[in-house]
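Here the structure comes first, spelled out in structure tokens, and everything after it is commentary.
The values are calculated or read from the model by the stated rules, or taken from the named source; none is laboratory data. Remember, predicted model here, so these are calculated numbers, not experimental data. Quick reminder, even Gly has a Cβ in these numbers, built from the backbone with ideal geometry, and neighbours come from all protein chains shown.
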Amino acid sequence: MKISEILSRNRPALSFEFFPPRNPESEHVLDETVGKLRRFNPDFVSVTYGAGGSTREKSLYWTTGIREKYGLNVMMHLTCIASSRRDIQDICRRLRMEGISNILALRGDPSRDLPDYRIQKDFRFAYELVEYLRETDDFSIGVAGYPEGHLDAVSLGRDIENLKRKVDAGADFIITQLFFDNRHFFDFMDRVAAAHIEIPVIPGIMPITNAGQVQRFTEMCGATVPGEIKGRIDNTEDVFRVGVDYAIEQCKELLDFGVPGLHFYTLNRNRATEEILAGIGKVLERE
Ligand code: FAD
């Protein structure tokens, strides 16, 4: 089912993100995780895709496999950097054949190992992929948004202009980068409104479950960790509990604000997401 249709209903959507596992042991973990999270009846789940097509076959395998085995509605992430039109055409054909109707259209990050001539292929930015998908196919298309600005962005204003370009190219919805301070999301929504972006914006949620993550997240995606949560983490032996409780507060506030859904970055684990959903209560419950 198309995510654009799901989001036109008047209730917050629930979604989980997974990545294709690298070895048989983690394949088993993901399989178990999906099996456990399935009981929450998510509106959709998504499978990430390595930039330059590095996980291409695995992403396709898990996207179609989760749909077949668990009957879940699936979206595949698709990055365009270092891919040719022909590569993208081929993947889209395969997704269509498998009955997948949702794509998260992304640029991806240029790998350090790739020489420039390989990066500058048919697509430089995600909006070009959105344009291409819109012209050639009928997928429901999501794009990425950055409440604290994308790491390469010259300014927050420019970043929103670039987001608007993706929307004008035909995106149906936005999923955000993870963030820990809802004020960043609320400010982002002000900029979104000022830019006349009217498609649904789903916040991406990832709880901090161990102390090492704090610095990693900040370096990887520029998400700042507020002093309040840093303090709570420094003063506890149970970082998992503190992180999950904080995420519950964060999600409740976002739901009160009226977000059209919550997208959980599960890191292929079920426990944190399960506990957050239990903590939020009935709002996201599905029959
Ligand atoms: P773009 O929208 O193309 O933006 C990239 C940068 O270029 C931004 O700074 C933007 O402001 C700027 N820009 C855009 N258009 C222009 C223009 N015309 N002129 C000048 N500058 C411009 N990565 C993966 O590899 N695989 C995944 O599965 C994956 N899933 C993700 C899921 C979510 C929800 C999010 C938020 C991110 C995900 N990423 C994934 C990370 C993403 O690929 C990186 O953040 C990447 O650096 C940017 O991708 P984008 O689609 O946002 O790019």
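Among the residues of the stretch 199-246, none is identified as at pLDDT 95 or above and on the phi > 0 side of the Ramachandran plot. The helices (runs of 4 or more DSSP H) found entirely in the stretch 55-146 that carry 3 or more residues being under 19 Å from the mean Cα position of the chain (by Cα) are 56-70, 126-136.
The single condition among (1) in contact (Cβ under 8 Å) with a residue 60 or more places away in the chain; (2) surrounded by fewer than 20 Cβ atoms within 10 Å (Cβ to Cβ) that Met75 does not meet is (2).
When the residues of the stretch 140-156 are filtered to those that are among the hydrophobic types (A, V, I, L, M, F, W, C) and under 30 Å from Met1 (Cβ atoms), the one that is farthest from the ligand (Cβ to nearest atom) is Ile141.
The residue list Glu249, Glu285 contains one member that is touching a helix residue (DSSP H, G or I) at 6+ places or on another chain (Cβ under 9 Å) and modelled with pLDDT of 95 or more, which is Glu249. For the stretch 1-30, a residue qualifies if it is modelled with pLDDT under 95 and not in a helix (DSSP H, G or I), and the qualifying residues are Arg9, Asn10, Arg11, Arg22, Asn23.
Count of the stretch 80-112 residues, restricted to those that are at pLDDT 95 or above, loosely packed, with under 15 Cβ neighbours inside 10 Å and within 16 Å of the ligand (Cβ to nearest atom), is 0.
Every condition in (1) without any contact (Cβ under 8 Å) to a residue 60 or more places away in the chain; (2) not in a helix (DSSP H, G or I); (3) not basic (Lys, Arg) holds for Val192 except the one numbered (2). Of the listed requirements (1) touching a helix residue (DSSP H, G or I) at 6+ places or on another chain (Cβ under 6 Å); (2) not in a strand (DSSP E or B), Thr224 misses just one: (1). Screening Ser46 on (1) within 21 Å of Ile175 (Cα to Cα); (2) without any contact (Cβ under 8 Å) to a residue 60 or more places away in the chain shows it passes everything except condition (2). The residue of the stretch 55-72 that is farthest from the ligand (Cβ to nearest atom), among those that are buried (at least 21 other Cβ atoms within 10 Å of the Cβ) and touching a residue at least 40 places away in the same chain (Cβ under 8 Å), is Ile66.
The set of residues in the stretch 165-185 being near the ligand (Cβ under 10 Å from one of its atoms), assigned to a helix (DSSP H, G or I) and within 18 Å of the chain's Cα centre (by Cα) consists of Lys166 alone.
The residues of the stretch 147-161 that are buried (at least 17 other Cβ atoms within 10 Å of the Cβ), in a helix (DSSP H, G or I) and not aliphatic (A, V, I, L, M) amount to a single one, Asp159.
For the residues Arg216, Arg232, the requirement of being surrounded by fewer than 14 Cβ atoms within 10 Å (Cβ to Cβ) and over 21 Å from Ala13 (Cβ atoms) singles out Arg216. If you check Ala171 against the conditions, is it touching a helix residue (DSSP H, G or I) at 6+ places or on another chain (Cβ under 6 Å), buried (at least 21 other Cβ atoms within 10 Å of the Cβ) and closer than 30 Å to Thr136 by Cα? Judged against the criteria, Ala171 is a match.
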